[in-house]
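Notes for the one structure printed next.
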Amino acid sequence: MPTDTVPGPLRVLVFGGALRADSTNSRLAALVARLISDTGATVDLAGMRDFGMPMYDGDAEAAEGLPPGALALRDRIDRNDAFVISSPEYNASVPGVLKNAIDWVSRVRPQPFKTKHALLVSASPSLIGGNRGLWALRVPLEHLGTRVYPDMFSLPNSYQAFAEDGTLADTGLQHRLGETVSGFLSLVEADARYVCLERRWYEFLGDRTEAAITQRAEA
């Protein structure tokens, strides 16, 4: 009986959604990258400054095409089985620089977000840890066909949250982050390794894979 060919280690892109060099979301991204690497997966750790691009302008796109930063981010997404975004919360929503990057990359054909798995995490000095921003971030990604992991991780009081070794000072939060990352990787591994399974991702009860709403981000 034929079996699936076992691929190499999972490949996961991890990046923070803030530009500030000392952002706690960069520190959280680094911690998530360490947890993923500890499982044997291959980690591609990046920052928003790796993908510099102007504000989206349809006229500029028509005249000059996509900027190098957008194409670089596209390439990094394409090379990996999944991605993790550690995003700050700006005014209860998505940072403009991150939303702008998503808008630019969504213009690439074929559209790279479609069917990729994503885990969303956040760090914030607030008591709710940036959770409102993550709910806002789900909207454009899921619209583009990304399979956003149902569980999200939000780190509150982020300025005091990290121990000297880069882990979380609160052992309960460290354990929960580890469980979230582990669950996410298990889902990605099942999708990447067990290709004999029919891949479906329903947004609404009764959806069919050929339904228009599930095709909207492919063109």
(message) Can you say whether Ala72 is assigned to a helix (DSSP H, G or I), among the hydrophobic types (A, V, I, L, M, F, W, C) and open to solvent by 50 Å² or more (accessible area, probe 1.4 Å), as far as the supplied structure shows?
(response) no
(request) Name the single residue, out of those in segment 132-190 being more than 18 Å from Leu119 (Cα to Cα) and in contact with a Phe, Trp or Tyr (Cβ under 8 Å, 6 or more places away or on another chain), that is most open to solvent (accessible area, probe 1.4 Å). (result) Ala169
(message) Which condition from (1) out of contact with any Lys or Arg (no Cβ under 6 Å at 6 or more places or on another chain); (2) in contact (Cβ under 8 Å) with a residue 12 or more places away in the chain; (3) not polar (S, T, N, Q) is the one that Gly65 breaks?
(response) (2)
(request) Considering each of Val43, Val6, Val121, Val12 in turn, give the residue that is among the β-branched types (Val, Ile, Thr), part of a loop (DSSP other than H, G, I, E, B) and either open to solvent by 50 Å² or more (accessible area, probe 1.4 Å) or modelled with pLDDT of 95 or more (or both). (result) Val6
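The values are calculated or read from the model by the stated rules, or taken from the named source; none is laboratory data. What you are looking at is a predicted structure, and each value in this text was computed from that prediction instead of being measured. Neighbour counts are summed over all protein chains in view; Cβ atoms, including those assigned to glycine, are modelled from backbone coordinates with ideal geometry. With ligands, DNA and RNA removed, areas are computed over all heavy atoms of the protein, side chains included. Shrake-Rupley method; radii C 1.70, N 1.55, O 1.52, S 1.80 Å.
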